[in-house]
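Colleague: Could you have a look at this structure, given as structure tokens, before my questions?
The values are calculated or read from the model by the stated rules, or taken from the named source; none is laboratory data. Source: prediction; values computed, not measured. All Cβ positions, glycine included, derive from the backbone under ideal geometry; neighbour counts span all protein chains shown.
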Amino acid sequence: MIYRAAILLFGLLVRGVHSHMQMLNPLPINSPLDPLNTGKLRDVNYKNPLWANGSNYPCKGYLAQPFRPAAQYKAGSEYEMTIEQNTATHLGGSCQFSLSYDKGKSFKVIKSIIGGCPLPLKYKFKIPSSAPSGEAVFAWTWFNRVGNREMYMNCAYVTVSDGSGNGFDSLPEIFKANIAAQTPCTTDEGKDVVFPDPGPVVEFGPGGEGPPNRGILNCNSPAGGNPPAEKPQPPAQAPQPSSASSPSAAPAP
């Protein structure tokens, strides 16, 4: 009985190392889950991470494909993204949702999940009111907690309506690591990455508590050369009591 249990555990561990994940909603470009994708448009290895040399960043090199929206979004509204269920989660990690309007030259973060991603296999996100209207690329990027040091990226064509476009460019760029041609940054195994600049919408999952830049190595500046930010303070610390004489005073640095 013990021998059999050990064999089963080994099988699960092997699956956890070699099985990956892919986005189910919205359906990514060239997804094998999309019934409209046939032949060369159907990537049967879509679950694989980006190449370690970074040469297929962004979006596995698929942004040259004709635009065919997988979803229609309205700025200011909330939606749900889902991950294919029959996949291994590598004990979670950290991930980001972003939008690009320039064919992948830049990806602006609309939500960060620090810790436990994607253990629930589904997340709510909101298209910011500041998002421009028009054709866009929705991206999910993920840094797994255990296993090889990799960066996963799934991208879907989407359309956005009723957006103002005002202030959208002030959102931070996505964090990039483990893709050598794009950045020297790497991630530390066994730690959930705490993004240097997660943006204004942050969800903390199990293991998300930690200082900025935790789990990040060899990275003098995150995500395309922006200076390290001092933003992502997780809600593990109790709020400081307000002073009666100056209730709105900020804490001293």
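Colleague: Hey, Cys155 hits all of (1) crowded, with 24+ Cβ neighbours inside 10 Å; (2) out of contact with any Pro (no Cβ under 9 Å at 6 or more places or on another chain) but one; which does it fall short on?
Modeller: Unmet for Cys155, out of (1) crowded, with 24+ Cβ neighbours inside 10 Å; (2) out of contact with any Pro (no Cβ under 9 Å at 6 or more places or on another chain): (2).
Colleague: I've got another one for you. Do any residues in segment 16-37 that are within 15 Å of Leu50 (Cα to Cα) have Cβ atoms under 6 Å from those of residues that are modelled with pLDDT of 95 or more and among the aliphatic types (A, V, I, L, M), where the two are at least six apart or on different chains, and which pairs are they?
Modeller: Qualifying pairs under 6 Å: Pro28/Ala156.
Colleague: Let me ask something else. Answer yes if at least one residue in segment 11-25 is exposed (fewer than 14 other Cβ atoms within 10 Å of the Cβ), at pLDDT below 95 and assigned to a loop (DSSP other than H, G, I, E, B), and no otherwise.
Modeller: No, segment 11-25 has no match at all.
Colleague: If you don't mind, another one. Within segment 147-179, can you find the residues that are among the acidic types (Asp, Glu) and assigned to a loop (DSSP other than H, G, I, E, B)?
Modeller: Residues of segment 147-179 among the acidic types (Asp, Glu): 150, 162, 169, 173.
If the condition is that a residue be among the acidic types (Asp, Glu) and assigned to a loop (DSSP other than H, G, I, E, B), then Glu150, Asp162 are the ones that fit.
Colleague: Return the only residue of Asp169, Asp192 being in contact (Cβ under 8 Å) with a residue 12 or more places away in the chain, of a type outside the set (Phe, Trp, Tyr) and either touching a His at 6+ places or on another chain (Cβ under 9 Å) or surrounded by fewer than 20 Cβ atoms within 10 Å (Cβ to Cβ) (or both). Before the answer, list the steps.
Modeller: Values: Asp192 fails: either touching a His at 6+ places or on another chain (Cβ under 9 Å) or surrounded by fewer than 20 Cβ atoms within 10 Å (Cβ to Cβ) (or both).
Criteria check complete, one pass: Asp169.
Colleague: So, in segment 156-177, of the ones that are out of contact with any Leu (no Cβ under 7 Å at 6 or more places or on another chain) and of a type in the set (A, V, I, L, M, F, W, C), which residue ends up nearest to Leu36 (Cα to Cα)?
Modeller: Within segment 156-177, the first condition is being out of contact with any Leu (no Cβ under 7 Å at 6 or more places or on another chain), and the residues that meet it are 157-177.
In the following step, the residues that additionally are of a type in the set (A, V, I, L, M, F, W, C) were identified as 158, 160, 168, 171, 174-175, 177.
Details: Val158: 16, Val160: 22, Phe168: 32, Leu171: 34, Ile174: 29, Phe175: 31, Ala177: 32 Å.
Ranking the qualifying residues of segment 156-177, first place goes to Val158.
Colleague: Among (1) surrounded by fewer than 23 Cβ atoms within 10 Å (Cβ to Cβ); (2) in contact with a strand residue (DSSP E or B) (Cβ under 9 Å, 6 or more places away or on another chain); (3) within 27 Å of Glu84 (Cβ to Cβ), which single condition is Gln182 missing?
Modeller: For Gln182, the failing item is (2).
Colleague: Right, next: Could you tell me whether any residue of segment 120-132 is modelled with pLDDT under 95, of a type in the set (D, E, K, R) and surrounded by 15 or more Cβ atoms within 10 Å (Cβ to Cβ)?
Modeller: No; the residues of segment 120-132 include none that is modelled with pLDDT under 95, of a type in the set (D, E, K, R) and surrounded by 15 or more Cβ atoms within 10 Å (Cβ to Cβ).
Colleague: Is segment 212-230 home to any residue that is at pLDDT 95 or above, in a loop (DSSP other than H, G, I, E, B), in contact with a strand residue (DSSP E or B) (Cβ under 7 Å, 6 or more places away or on another chain) and of a type in the set (Val, Ile, Thr)?
Modeller: So far as segment 212-230 goes, no, none of its residues is at pLDDT 95 or above, in a loop (DSSP other than H, G, I, E, B), in contact with a strand residue (DSSP E or B) (Cβ under 7 Å, 6 or more places away or on another chain) and of a type in the set (Val, Ile, Thr).
Colleague: Hey, another quick one. Quick one: would you say Tyr73 is buried (at least 21 other Cβ atoms within 10 Å of the Cβ), closer than 16 Å to Ala156 by Cα and modelled with pLDDT under 95? It would help to see each step written out before you state the result.
Modeller: On the way: buried (at least 21 other Cβ atoms within 10 Å of the Cβ): yes; closer than 16 Å to Ala156 by Cα: yes; modelled with pLDDT under 95: no.
No, not satisfied.
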